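Data first, discussion second: the structure below is written as structure tokens.
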Amino acid sequence: MDAEETARDRPRRTRAAVTRDSALAFAEATQNVGGDLTTTPHGGRAVATGRRSDPSLYDFGLATYDTGDTSDQSLSKGFIEIFGLSGKIAAKREQTR
């Protein structure tokens, strides 16, 4: 069987199927996923109600503003200024029109 016959006899795959298969292959080859997920059915969908993973990057000390946290709260001022910069620029542009 030559290459032309092989391609002709093979079933055609849609672009969506090829993209989905490629994405799944990439995820399987690159993702190291482990842990437990608890879900609860709600309104016809599954809602995550708990998760746990040993190799997780989540750090409670960085994610909270409670006593004993490890995040530097003084950095929030700079973040807020940078995050709000686009709004300031847009407002200035509207004033000049």
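For the range 1-22, what are the residues that are within 30 Å of D54 (Cα to Cα) and either modelled with pLDDT under 80 or hydroxyl-bearing (S, T, Y) (or both)? Across the range 1-22, the qualifying residues are R20, S22. State all residues of the range 44-65 that are loosely packed, with under 10 Cβ neighbours inside 10 Å and of a type in the set (G, A, S); if no residue qualifies, say none. Answer for the range 44-65, where residues must be loosely packed, with under 10 Cβ neighbours inside 10 Å and of a type in the set (G, A, S): G44, A48, G50.
The set of residues from the range 18-39 being among the polar types (S, T, N, Q) and loosely packed, with under 10 Cβ neighbours inside 10 Å comprises T30, Q31, N32.
To keep it simple, each residue is scored yes or no on (1) in contact (Cβ under 8 Å) with a residue 12 or more places away in the chain; (2) assigned to a loop (DSSP other than H, G, I, E, B); (3) of a type outside the set (A, V, I, L, M).
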| site | (1), (2), (3) |
| --- | --- |
| G50 | yes, no, yes |
| Y58 | no, yes, yes |
| L62 | no, no, no |
| L75 | no, no, no |
| L85 | no, no, no |
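The values are calculated or read from the model by the stated rules, or taken from the named source; none is laboratory data. The model shown is predicted, which means the values in this text are computed figures rather than measured ones. Every residue, glycine as well, gets a Cβ built from its backbone with ideal geometry; the counts of neighbours run over all protein chains shown.
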